[in-house]
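What follows is calculated from the coordinates using simple rules that are stated; it is not laboratory data. Note that the coordinates shown come from a computational prediction; the quantities given were computed from them, not determined experimentally. Here the Cβ is made from the backbone with ideal geometry for all residues, glycine too, and neighbour counts use every protein chain on show.
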Amino acid sequence: MLDLQISEGSVRVSVWDSDPALPDIAATDPQRVGRHGLEITLAVSRAYEVRREPVGKRVTAVIALADDPGGDIAGRTSP
């Protein structure tokens, strides 16, 4: 189940699934192909949360939205 909310210059992405196993970052391995999703999510997120549910878990990430290609965060202006 996916829930998206836009608020205060960011998008909140929340995903629920029935698997109780919590996500983890795989050990460093230059030969590894795949399993980089959590690393990427942590790199681009303002906030990240994992919460156990009565069945499964909910993972939420908050990602800033940019106003322009220069990278100004939505709702903020450069000095």
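Counting only other residues whose beta carbon sits under 14 Å from that of Thr60, what net charge do I get with K and R as +1, D and E as -1? Present the calculation step by step, with values, prior to reporting the outcome.
Values: positive: Arg12, Arg46, Arg51, Arg52, Lys57, Arg58; negative: Asp3, Asp17, Glu49, Glu53.
The answer is +2.
The HN-Hα couplings worked out from phi for the range 17-34 by the Karplus form 6.51 cos²θ - 1.76 cosθ + 1.60 (θ = phi - 60°) are 9, 7, 6, x, 5, 7, x, 9, 8, 5, 4, 4, 7, x, 8, 5, 10, x Hz, whole numbers, x standing for Gly and Pro.
Determine, for each peptide in 7-17, 40-50, 25-35, the mean count of other beta carbons within 10 angstrom over its residues, then list the peptides with the highest first.
Values: 7-17: 14.4, 40-50: 12.2, 25-35: 8.0.
Those peptides, ordered most packed to least, come out 7-17, 40-50, 25-35.
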